[in-house]
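Colleague: Let me begin by handing over the structure; questions about it come next.
Coordinate-derived values only; no laboratory data. Owing to the predicted nature of the structure, the values given are computational and were not obtained by experimental measurement. Because the Cβ atoms are built from the backbone with ideal geometry, glycine has one as well, and the counts that use them run over all protein chains shown.
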Amino acid sequence: MLQGFELWVPPVPLEFDDGMPYYEIIGTDAQIVQFPLKRGRQIMCFSGAMAYMSDGIKMDVQLAGFQKTFGRLAGGGSLFQVTYTNESGDDNAYIACTGDYPGVIVPMNMSSTGKIICLRDSFLCATVGLGRPMTNISAGFNPASNPISFCCSGIDFIVQTVENGEYAFLMAMGTVIKKTLRVGESIVVDGDSVLAFESSVTVDVRAVGNIAAICCGGEGIFNTELSGPGTIYLQSMSIDKLRRLFPPHVSSSSGDGDGGSSD
């Protein structure tokens, strides 16, 4: 692709000693991620993410302390953190997770990625290996470089931070592309197009232009500017865009109580 952009495609997952992949992504527009759950391995997710699982898998629900719970809620997660553990003694157990809106599932190898910053509501689940630390999901402030950027960058005040662990899985919508920014390289984006970026990327704003551009361009006063070094992930659709396409409908009821008109 032009200018260093790459069409994101699911990477080939690591494999267990028996050749079984760590995960399998199924489907196209509303995907499922399925995991072979070896003995003692775990899947960590938020409430409602589990789609189906084999017998003998134990579910454990926990708050994990006030600070972590508040961080999950502020970052768009659920009140409870759920872990599923294979306690059956069978290496052929399995479990699958899916998002609560149509989208594609983006796996992140946290061993090589380190810490990433993503939009609220985007974290789906994570694998927990034997003897490996659990992926830490918390809330962080918009990592803007100054107060104006913080308020006007188009990225939420509160974002999700994901770090540590094995594999983490994010929910995206539409087509996902990625670009690795060099030191000092910047890109101007619409805030709704941002899915995630590495913690080394800095956030700033850039004025759209003159009065005509501000009033008629449809982009507001500022656009988001992301600067390297680091990798960014962009999406062609977002849950916020989808919500704007289908605004809440408020029905007005008539005096007869059935909302209809009388002849």
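Colleague: Between Y94 and R206, what FRET efficiency follows from the Cβ-Cβ distance if R0 is 51 Å, with the result rounded to 0.05?
Modeller: Working: r = 47 Å, r/R0 = 0.92.
With a Förster radius of 51 Å, E is 0.60.
Colleague: So how do 194-204, 222-232, 83-93, 1-11 stack up, highest first, on mean other-Cβ count within 10 Å?
Modeller: Values: 194-204: 21.2, 222-232: 19.5, 83-93: 16.9, 1-11: 10.4.
So the order, starting with the most tightly packed, is 194-204, 222-232, 83-93, 1-11.
Colleague: Can I ask one more? According to a simple spin-label model (label point 7 Å from Cα along Cα-to-Cβ), what is the distance in nm between D240 and V61?
Modeller: Placing both labels 7 Å beyond Cα along the Cβ direction yields 3.1 nm.
Colleague: For the modelled label position 7 Å from the Cα of L14 along Cα-to-Cβ, which residues of region 23-58 have backbone nitrogen atoms closer than 19 Å?
Modeller: 23-25, 34-45
Colleague: First measure r as the distance between the Cβ atoms of K115 and S54, then evaluate 1/(1 + (r/R0)^6) with R0 = 41 Å and state the FRET efficiency to the nearest 0.05. Display every interim value, and only then the final one.
Modeller: Numbers: r = 33 Å, r/R0 = 0.80.
Computed FRET efficiency for K115 and S54: 0.80.
Colleague: Another one. Go ahead and run the numbers for FRET between S199 and R132, Cβ-Cβ distance against an R0 of 22 Å, rounding to 0.05. Before the final figure, lay out each step's value.
Modeller: Numbers: r = 20 Å, r/R0 = 0.92.
Once the sixth-power term is evaluated, E becomes 0.60.
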